[in-house]
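Remarks on the structure that follows.
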Amino acid sequence: YDATLTAKAQAAIDALQSGQRLHVVGTLLLSGAGLNITNKNKVTICGGGTISIANAGADVDAVCLKLVGTCDRVTIEDLNFIGAGNTGATYFQYGVYSVSGQTLKNITVRGCHFKNLNAGASFNADSSGTYENVLCTGNVFEDMVGTTGGQGYGIHGSRVVNMMASQNIIRRAQRHSIYFARSATTAGQDFGMAAHGNIIEDHR
């Protein structure tokens, strides 16, 4: 891994202002827990490059891009996210992710490639926080590994208001190719989580 380059990449994300785009080129080998997108509005991270945790070792928690705090109109597109193929039950390596408790809306993940991760794209407000208006489209997910909770997922959404997973290809997910959790209130109100036109191959 390259700790200096990871720090520079994080500084570039932190410096993004509304309306700006950050282009990732080449391969970034992450160190530590990965990169955070924190309190950003109307930004895009794109460019065709690769964000990899393969060299961080299998026994480490890491997220290529984690959404943190209050984010609105964040687009992640045309990037490659590569993991280490971790199968340890106590470690989790994700492509795009957020922990519960954030305030996130209008999030788009489009045209990306995810490989050898425990989960590709996870849109998570499982126990707290809010997540609204998610579009996950035109991505390829391959070899989502692990069979314990939180692993082996291509696309995961929990308690998201208005989410569409469409036109994605998911190959060789070891647990859930597409997993929607808590998709309605306890009173039965539908949050509006939908999957349409996806291709699932060699599931489990």
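The values are calculated or read from the model by the stated rules, or taken from the named source; none is laboratory data. Keep in mind the model is a prediction, meaning the values are calculated, not measured. Note that each Cβ is placed from the backbone with ideal geometry, even for glycine, and that neighbours are counted across all protein chains shown. Note: accessible area is taken over every heavy atom of the protein model, side chains too, but ligands, DNA and RNA are not part of it. Shrake-Rupley method; radii C 1.70, N 1.55, O 1.52, S 1.80 Å.
Worth pointing out:
- Inspection of the range 75-95 finds a residue satisfying the criterion of being over 15 Å from the mean Cα position of the chain (by Cα) and among the aromatic types (Phe, Trp, Tyr).
- Only strands (runs of 3 or more DSSP E) whose full extent lies in the range 62-127 are considered here, and the ones with at least 2 residues that are of a type in the set (D, E, K, R) and farther than 18 Å from Thr6 by Cβ are 70-77, 103-110.
- Residue in the range 142-152 that is of a type outside the set (Ser, Thr, Tyr) and surrounded by fewer than 15 Cβ atoms within 10 Å (Cβ to Cβ) present: yes
- Among the numbered conditions (1) modelled with pLDDT under 95; (2) closer than 21 Å to Thr108 by Cα, the only one that Met144 does not meet is (1).
- Taking the criterion of being under 18 Å from Thr137 (Cβ atoms) and of a type in the set (Gly, Ala, Ser), the only residue of the range 72-97 that qualifies is Gly95.
- Within the range 28-42, being open to solvent by 60 Å² or more (accessible area, probe 1.4 Å) and touching a Gly at 6+ places or on another chain (Cβ under 7 Å) holds for Asn39, Lys42.
- Considered as a group, the residues in the range 25-35 that are among the hydrophobic types (A, V, I, L, M, F, W, C) and touching a helix residue (DSSP H, G or I) at 6+ places or on another chain (Cβ under 8 Å) include one that is farthest from Gly49 (Cα to Cα), and that residue is Leu35.
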